[in-house]
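Every number in this text was worked out from the coordinates using simple rules, so none of it is lab data. Here the structure is a predicted model, which is why all the values come from computation and not from measurement. No Cβ is skipped: glycine too gets one built from the backbone with ideal geometry, and neighbour counts run over all protein chains shown.
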Amino acid sequence: MRYSDSVRIMLTKAQGSYSSASTDLSNEIYDRAISSLYYSAFQTVTALMLIRGIRSKSHTHVRSYVNNELIKPGHVPIQLGKMYNILMDMRGDADYSDTVTFSRSQVEELCGVIKEFNQLIITIIDKEEDQEIEH
């Protein structure tokens, strides 16, 4: 698929963030893995927003976009969308909390969910890119 430079850059960042999470999981650095998983999903959604001509203003702006433009109209299943919201909160704890830690099993579960979430968003991106080419 031929993406614009900005979309390609965001998807490359998302892939790198996911890879970092996998490495952190292997190295038992669970908090950083949570943060990297969140950024992977965030960057993937940001790529979709760019295709649609929307520039991300903040993390809460992207969260609102996921809820209102992806979950509400049914483009993303409710459970996957809820996981994005939960992961955003977990990322805050992973990065800033001095009382919350995460386990291997939590990270392993999230790796699978975020892989599915990202792939779904990429499928939407590909469909929208194909429509652009046809017009």
Over the chain, relative contact order from alpha-carbon pairs under 8 Å, at least 6 apart, %: 32
Stretch gain in nm, segment Glu128-Ile78, where the contour uses 0.36 nm per residue and the Cα spacing is subtracted: 15.9 nm
About the Cα centre, charge dipole magnitude for the chain (Lys/Arg +1, Asp/Glu -1 at Cβ), debye: 280
Spatially close lysines, pair count over the chain: Cα under 20 Å, gap of eight or more or interchain: 6
